[in-house]
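The values are calculated or read from the model by the stated rules, or taken from the named source; none is laboratory data. Every value quoted in this text rests on a predicted model; they were computed, and no experiment measured them. FYI the Cβ positions are ideal-geometry reconstructions off the backbone, even for glycines, and counts take in every protein chain you see. The protein model used for the area step is the full one, side chains on, heavy atoms only, and it has no ligands, DNA or RNA in it. Shrake-Rupley method; radii C 1.70, N 1.55, O 1.52, S 1.80 Å.
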Amino acid sequence: MSLPYSSPSSPVPLTPLTQASTSPSARFATATLEETIQVLKTTLDSGLSSQDAGDRIQQHGYNELTTDDAETMWSKFVEQFKNPLILLLFGSAAVSLLLGEIDDAISITLAIVIVVTVAFVQEYRSEQSLEALNKLVPHYCHVTRDGILSTVLATELVPGDVVRFSTGDRIPADVRLATSHDLQIDESSLTGETEPCGKHHEAIEGRSQDLPLAERNNIAFMGTLVRNGHGSGIVVGTAKHTEFGMVFYMMKEVEVRKTPLQIKMDHLGKQLSLGSFVIIGFITLVGILQGRHWLEMFTIGVSLAVAAIPEGLPIVVTVTLALGVLRMADRHAIVKKLPSVEALGSVNVICADKTGTLTMNKMTVKKLYTLAQQRIVDVDEPADSDMLRLPASTMLLKIGNLCNNAHVDESGHTVGQPTEIAFLELNRRLGIVDERLHQIKVSEQPFSSDRKWMAVEYRSSTSSAPSSPSLRGPRTPRAGTPTPSMVYIKGAAEPVLEKCKRYYVGPGDERVLDAATRVLAQGRAHDITVDGLRVLALAYGPNVNELTLVGFVGLYDPPRPGVPDAIQTLARGGVRIMMITGDSQGTATSIAQQLGIPLNPGRGVMSGPALENLSERELQEHIAGISVFYRATPRHKMVIVKALQARGDIVAMTGDGVNDAPALRLSDIGISMGKSGTDVAKEAADMILVNDDFATVLYAIEEERLLHYPPGKSIFYNIQNFLRFQLSTSVAALSLIAIATFLKMPNPLNAMQILWINIICDGPVAQSLGVEAVDPEIMKRPPRSTNEPIITKPFIGRVLASAATVVVGTAVTYIREIGRRTEGWDEDSEYAKRGTTMTFTVFVLFSLFNAVTCRSQTRSILTSLGLFTNRMFNYAAAACTLFQVAVVHWSPLQNIFQTTDLDFADWAFMGVVGFGVILIDEITKWMANRTRFPRGGLGVSSSPSRSRWSSQGMEPLLGKIEDSV
């Protein structure tokens, strides 16, 4: 057969999907496996050499989908000048130039450039933060190169690579299948078909040009997910030469979903803008009616609009959220999408998998039990060592070895599922030879959460092939098969026992498993679970319905260090932990007690089957008292999540398996494991725990919480701090200009000075409010309500109190300077310049000191939080102070901002006046904390019950105190 793709060195041209003849997957679907190997110059056993793979990367590029960003940094910078307010300021500068006021025109233009530059830097920083988020979740795959199976980044794959995949993996490229064992792949993301597609490795008859995607059953497509079984194959297409890549490049644009908080901030910004426009328009109109120069009032009005309208608020929200996500990533919690961040602080129930999340997911065989000896053997007990050599124990370990897909890699490490690794390590420790080397695997039924067992069929390597291998029923070997195949099974005790008809005593000695012996076996299995061990039953037979029970093994999976402390901390913060496991009741209860999960006596545990017998209403009534669900399947997880959500709970769900994906999507926050989690689970999750450590969930919730409850910091809380600072400064500026206008006093601030104040509001000082350190007390607060608004009455009270302090202090300074004049107030006179310089500088100092108070809503800056604990804020404030000094004393800037030199006494006076905002804020916080915590001290709990106080009770109290101030 002649293939169009004749050489691996020939790049595949990119053409629309409708032309199947140009698609590598279509070409190789009709090719035999031998032809595929020949064309791509590879082998199934050794794969490509490292050198060949490197050469092909240079030729084909990396296996990643990227978009060309046509917009340059310069074009983005120019885009900032299209803001209507900026254009109005340019108009004001142009009019000034036409009227011969060249200094004013230059000053306005320079101010515009500074404002636009600050806005551009903020937006660029936002984009860079979001780009960093997209790189947090790298995709790995298993590839054979140089004859060695290793794990590499999927982006490094090239045509000709030999890859392996199993249940839960994401297919890393378009792959021509070479082997397939019960392989089913979910192709819904590509074809729209909801049912998984069964795969095989035989060539498909027909023409490549006429072969639709749905019929390419020997191709595994990039981005699809393995739902069942395992297989291997040869990479035939990467990046844009995959079917998924072609669809990707057909998309013209991708709309980025805004977070609910960003939408709220957009709406709030529009409301504030409308209110500001009304006030500014009124101030400008009054000034013109009073006979003031129209150009002066117009310029001041536009400048006030630039300063007062929070056009940078959505960007600040994005940056703050993104930085919070990046900080979580540093603590091994990767949040995939920004909207997920907002739900973290409201979570009040966490449904956690036991294995791998609450425990180490490192199994070791601790105990054995065989019906032949009818005694529980402790593997680590020297006195029981002889028992491990008896025929029944040897048979038990043989089954554990054969019913096993774990293997030893090139570095000598055992790779595979923890349960299967435990059997291999025990056999290696006892010096038992790997039985799989002398057997030929005929077929396999992988473990599933519904069956709760795994079975494999083997025949001796010295016998001929069986006639029709089947795990599902009796089979009759045909002539020429002297050694029939045998089925080996391991799984949960209950389903395996149901399939057993006999039990093993020794070679050639199998006895009927009567009712009394069955009850004895069940009792011994329960005895093992009481110690917190997972129990597996092992059996063999001609088929899965005619089995001979050999015995049980007890495997121990120790609790993760730090998990009990994390559970206690979460519980104190009002977050309930619900453990869901497929283990038996004894194992689940024992582990829950070791982890410190509170159990209600008599009704704290429930089985999956019992859950199925309850109606939705009954489950909602009972679930409040349940802490542990045992013998639960992924299907039960969805029922549990729905019941909790129906009660109004905000639910986080952890999972790592393929069947966990629906529950992960259904929950408010789906959490997947990073190491043990399948690609399917990671795809469905909102957050990934890189280290599989449950304590990381605590860090993530700690990072996000809480909006209204200090001490401590959260993403929402920091956004509110920024908003408080910006609004209080804007209100103060508007009020100051309005008062001066209505009292027919000279304007205390000119347009350039107002624009500089805007830079403080939206610039580094404001941004640095988003990086306060997390306080350990934060997790003692209950979750916030999802319906709780960001702007509340107490918040408005704090804004108005801060603005009033700034306005009063600045007005006193301004009136003081007016009272010093000995002649008329001429704008060009030294008295006028000194008055505006003093007023301008004291307002800037007020703003900087006000920013200090906005770092915390209740903690004392002087005695609790500390003035110098936020390094970024310190740098930003110092830079603004130095620039203000330059504005006052450096002649080039004096001409722009119309300022004059001040002496040391002036600076000392302004510093004392500006510091007043901190003193008033400290008194307010002291009064509020004294009322809230009369015996516990400022910000320190004196009683555990304090953590249960609700925000509805606290905020009105704090609001009243601030209103009185």
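Placing pseudo-labels 7 Å out from each Cα toward the beta carbon at R375 and F90 gives an inter-label distance of 9.3 nm.
Full extension of the chain segment joining T151 with I102 gains 10.9 nm, where the gain is 0.36 nm per residue of separation less the Cα-Cα distance.
When you work out D = kT/(6 pi eta Rh) for the stretch 486-529 at 4 °C and 1.567 mPa s, using the Kirkwood radius from C-alpha pairs as Rh and the Stokes-Einstein form, the result is 113 µm²/s. In the frame of its principal axes, the stretch 506-545 has Cα extents of 33, 21, 20 Å, reported largest first. Database remark: amide H of V408 closer than 5 angstrom to the amide H of V415 (H placed geometrically; neighbours at sequence offset of 5 or more, or on other chains; Pro and chain starts carry no H).
In the stretch 531-581, what is the volume of the convex hull around the alpha carbon atoms, normalised per residue and reported in Å³? Kindly include the intermediate steps, with their values, before the conclusion.
On the way: hull volume 5.1 nm³, N = 51.
It comes to 99 Å³ per residue, whole-number rounded.
Proximity of backbone amide H atoms, modeled 1.01 Å from N, is registered between S443 and E457 at under 5 Å, excluding neighbours fewer than 5 places apart on the same chain.
To put it simply, the accessible area of the stretch 495-634 at a 1.4 Å probe is 50 percent carbon and sulfur. Each of I580, H526, A539 was scored by the projection of its Cα onto the charge dipole of the stretch 526-599, and the greatest displacement toward the positive side belongs to I580; charges sit on the C-beta of Lys, Arg, Asp and Glu. In this Cβ point-charge picture (+1 for Lys and Arg, -1 for Asp and Glu), the stretch 569-677 has a dipole of about 120 debye about its Cα centre. In sequence order, the stretch 149-163 has phi-based couplings of 7, 9, 9, 10, 5, 4, 5, 8, 6, 9, x, x, 5, 9, 10 Hz under the Karplus curve 6.51 cos²θ - 1.76 cosθ + 1.60, θ = phi - 60°, and Gly or Pro positions carry x. Phi-derived couplings, Karplus 6.51 cos²θ - 1.76 cosθ + 1.60 at θ = phi - 60°, listed residue by residue for the stretch 641-653: 4, 4, 5, 5, 5, 5, 7, x, 6, 9, 10, 9, 10 Hz, with x used for Gly and Pro.
Within the set K199/K240; K744/K833; K354/K501; K82/K336, which residue pairs have Cα atoms separated by over 29 Å? Intermediate values should be presented prior to the final figure.
Numbers: K199/K240 23 Å; K744/K833 18 Å; K354/K501 32 Å; K82/K336 33 Å.
Checking Cα-Cα distances, K354/K501; K82/K336 exceed 29 Å.
Rounded to the nearest whole Å², what accessible area per residue is found for the stretch 636-678 with the 1.4 Å probe? Before the final figure, lay out the partial values.
Values: 1350 Å² over 43 residues.
For the stretch 636-678, the per-residue accessible area is 31 Å².
With Rh defined as the Kirkwood radius, the inverse of the mean 1/r over Cα pairs, the Rg/Rh of the stretch 590-688 is 0.97. Proximity of backbone amide H atoms, modeled 1.01 Å from N, is registered between K362 and no other residue at under 5 Å, excluding neighbours fewer than 5 places apart on the same chain.
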